[in-house]
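First comes the structure, then the notes that go with it.
The values are calculated or read from the model by the stated rules, or taken from the named source; none is laboratory data. Keep in mind that this is a model prediction, so the values were computed, not measured. In this analysis, Cβ positions are derived from the backbone assuming ideal geometry, glycine residues included, and neighbour counts consider all displayed protein chains.
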Amino acid sequence: MENHFPPGDLPLAPKILTDRTLAVKVIGVGGAGTNAVDRLKMESLDRLQLAAIDTDHQALSASPLQEKIVIGSAVTHGLSAGGDPALGHDAAEGDTEKIAAAVKGCDLVFLIAGLGGGTGGGAAPVVAKLAAQAGALVIAFCPLPFSFEGGRRLKQADESLRAIRQTCDAVIPLPNDALLQAAAPGETTLNAFARADEWIGRAIKGVWAMLFRTGLINVDFASLSSVFPSRGGKTLFGLGSGEGADPAAAALESLRLCPLLATAESAKKVDRLLVHLTGGADLTMERVNGIMTALTAQFGRDAHVIMGAVIDEALPGRVEIVVLGTSEQGATSRRPLSAQRPRPAPAATATTGGSTPPVSATTAAKPAQDEFAFGGDTASRGYFDNTERNLFEGQDLDVPTWQRQGLKIVL
Amino acid sequence: MLFRNKLVGAVEIGTSKVTVIVGQFARGRSLSLVGLGECPSRGVVKGSVTDFKAASDCVHHALELAEHSAGARIDEVHLAQSGAHLDGFQNEAEVRVSAADNMVSALDMDNVCRLAKSKQLPEGRTVIHHLRRPFRLDGRLVPDPEHLDGRRREVGYWTVHGDESRVADHIHVIRGFNVRVEELILSSLASGEAMTTPDDRQHGALVLDIGAGTTDFVLYRDGCALLTGVVPVGGQHFTNDLSLGLRLNNQDQAEKLKQHHGSAVAVSRDRADKVWLNGNLALGDRQLPRAAIEQITAARTRELFEVVRKKLGANYEPERIAAGVILTGGASRLAAVTDAAAQVFDVPARLGEPPAWVGDHLRAPGYSTALGLLLHNLGTPPEGSAAARRPTAGGLFRKLFSVRS
């Protein structure tokens, strides 16, 4: 494997370096999750296993997937969890063997669970826990309900999100509201949900391409897992694509406007950043360099950057960017401490031509101090930068409302 | 002394400007406004003094201007209090009426008031106001129970307290000018006083003074202030939101955009509807979509009102706010702000109007706090109507609001 890092630099677990094929599975939990996985099936991505877990027998039987698991027959008798996360949780706890069998031998599990409902919110944390016990890296995509679905669902979603953060390596909340910002006025509800699924599809496709396509600069599974050294931290995730005369610039612009990055949830500065570029045969090293310089400037020069680039002949004149970043704050360390020892400046940032100052110490060493810097990224307070924080119900009122509510401002 | 005309300076050390209005009290009864001094403030953020020297300089300058325009020395100062450090709690007390004939005596009144106010404050806090809620006699609401017949007397207080050192900072700024601070009055109460009539307060009203750095609110019911509060969000937050959202590097540009194109309700849906940033077609001028500006200001307005409503909690009952929401303060000039308030508070909303006798140059919403500082002390409302019963109540009022500096 070609890699930009000296081997000693990365916290590689020896067992993932064996030459067996990588098992990657996408599991949809609950109604929304199953729908999203169904949609992925149409993309026909090879070497990607798909599965669905639901309490609702009827909904599951309509799915075109091969691997379908009905859980909680004893609790719900094959009917749905009826929007009650406690019921969803019980259903999953009652069928742990079935779920454990489904996640057995997986290296990477993508969990898609719409939060706010019963099965998605209740069962997903259990599935994540079992997958993690089976040794898999678990990345969850969690669509959050639209505001029009009502306050109760939003509240449930919030609680479920907290639960799922405890058991997954990375949780990427996708507030449906934020995704809707890009939608044209007058869009139907059906389209709105389809659009939300499309984002998950793009995300998973991006990571899939990263792992299974060979290209300019490979990202292997070990590098991917090194981005997630701990659990419960916040995850930054963004997608951008561009075409035209200068696809690289267009992609960067589209990434900048990505609604997922506009929320205050996502930190603007991260400790570890994984960047994956997909482009046509005309993707030059020069463009890659330009994009990387811009991204490291935006997301933190001190970050540990892992990058990958893949050539897709089917995408002439087009560039797609996937960024995944994690931060130490709020995280509980999972891997041994040696994984977080101070590192020299990552070689990748140096090659991008930026005048990166050497990293003196990892931010991991002082999580207590950074707790406040995170989320309330000082840059977003503008005029109120150096004033006391203005907290009301856990939100800093000095941070612009549009940023906290994830409104997309079209300029 | 009693018959001498007294010159009182009403000082509001605001986040954007310092206002001093000079009022002349003749025999403690009639008030005429004789002077005005104002200057942009420095060293004040979100209603609190952060740079003592800078704040002192501009307050003293404003006081000088005011004295100059009044043509005389100011005798004493009424000072407005705002800022995030203010907090309040409610406390209630009840006593059995002591007299055998169940007639409420003045002693009973004193007793119950003292009991209700006796709550200890945390370290480092000082009381700004004890706001008395209406008396209840055997559960029934009575404005003044003395000499009435009953068994059980109850009274509730809304006690407003603030950080000792912050309050002291404000007072020291004024003392530096060698003038006495006679009264400390909550900004929200002052604005409320200026913007409502006794009738409004009787029917129930919510007054919101949206300043540059803070939003002060007071909820009136049954003629008394029931609850007050401060949200440290004001006009500057709107400006800051705009400058970050529209990626402007200049707060002045954002401020101008807010004043000209901001709206409390997002109306514009047309993405092609654009406005010029500077409007001078010079280098650096560019077009910005009106929808984006309105989206940003509308989100902030809505959130601000929702925060106020949450802070009022169960005390806010739309059906008991018959006089509606009354908006004032510099940032209330935002377009459609009453529509947004009506939506969030579920009652009609209007912009506050000072009493009719106030001159044109002091009618702007930014002056309502300073005006209220003078009115508050007047005891009797200037209209003179509905004042028949007020002398007693006014006297008590005055006692309760005495300075605790």
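The table for this structure:
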quantity	calculated
Hits in the stretch B:85-99 (condition: over 14 Å from B:VAL112 (Cα atoms) and surrounded by 13 or more Cβ atoms within 10 Å (Cβ to Cβ))	B:HIS85, B:LEU86, B:ASP87, B:GLY88, B:GLN90
Residue within the stretch B:92-105 that is farther than 26 Å from B:LYS17 by Cα and within 28 Å of the chain's Cα centre (by Cα) present	yes
Residues satisfying the stated conditions in the stretch B:221-261, i.e. outside any helix (DSSP H, G or I) and either away from chain A (no Cβ under 14 Å) or among the aromatic types (Phe, Trp, Tyr) (or both)	B:ARG221, B:ASP222, B:GLY223, B:CYS224, B:ALA225, B:LEU226, B:LEU227, B:THR228
Any hit, the stretch B:101-111, residues being under 18 Å from B:LEU184 (Cα atoms), more than 14 Å from chain A (Cβ to nearest Cβ) and out of contact with any Leu (no Cβ under 6 Å at 6 or more places or on another chain)	no
Residue check for B:PHE135: exposed (fewer than 15 other Cβ atoms within 10 Å of the Cβ), closer than 26 Å to B:SER188 by Cβ and in contact with a strand residue (DSSP E or B) (Cβ under 7 Å, 6 or more places away or on another chain)	no
Residue within the stretch B:95-105 that is farther than 30 Å from B:ASP252 by Cβ, out of contact with any strand residue (DSSP E or B) (no Cβ under 8 Å at 6 or more places or on another chain) and assigned to a helix (DSSP H, G or I) present	no
Helices (runs of 4 or more DSSP H) lying entirely in the stretch A:219-262 (those with 3 or more residues that are at pLDDT below 75)	A:259-262
Matching option when the condition is touching a helix residue (DSSP H, G or I) at 6+ places or on another chain (Cβ under 7 Å), surrounded by 24 or more Cβ atoms within 10 Å (Cβ to Cβ), away from chain A (no Cβ under 14 Å) and part of a strand (DSSP E or B), among B:VAL181, B:VAL155, B:VAL218, B:VAL173	B:VAL218
Residue in the stretch B:288-303 that is surrounded by fewer than 19 Cβ atoms within 10 Å (Cβ to Cβ) and of a type in the set (Gly, Ala, Ser) present	no
Flag for B:GLU193 being assigned to a strand (DSSP E or B) and away from chain A (no Cβ under 14 Å)	no
Number of positions in the stretch B:59-94 that are outside any helix (DSSP H, G or I), away from chain A (no Cβ under 14 Å) and of a type in the set (D, E, K, R)	5
Matching residues in the stretch A:42-55 - criterion: being modelled with pLDDT of 80 or more and either touching a helix residue (DSSP H, G or I) at 6+ places or on another chain (Cβ under 6 Å) or surrounded by fewer than 22 Cβ atoms within 10 Å (Cβ to Cβ) (or both)	A:LEU48, A:GLN49, A:LEU50, A:ALA51, A:ALA52, A:ASP54, A:THR55
Long-range neighbours under 8 Å by Cβ, at least six apart or interchain, first residue assigned by TED's automatic domain parsing to the domain that holds A:PRO173 and modelled with pLDDT of 75 or more within the stretch A:390-411, second outside any loop (DSSP other than H, G, I, E, B) and of a type in the set (Val, Ile, Thr)	none
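Residues are listed down the side, and each one gets a yes or a no for (1) in a helix (DSSP H, G or I); (2) within 12 Å of chain A (Cβ to nearest Cβ); (3) in contact with a Ser or Thr (Cβ under 6 Å, 6 or more places away or on another chain); (4) at pLDDT below 90:
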residue: B:LEU281; (1), (2), (3), (4): no, no, no, yes
residue: B:ILE293; (1), (2), (3), (4): yes, yes, no, no
residue: B:ALA340; (1), (2), (3), (4): yes, no, yes, no
residue: B:GLN343; (1), (2), (3), (4): yes, no, no, no
residue: B:TRP357; (1), (2), (3), (4): no, no, no, yes
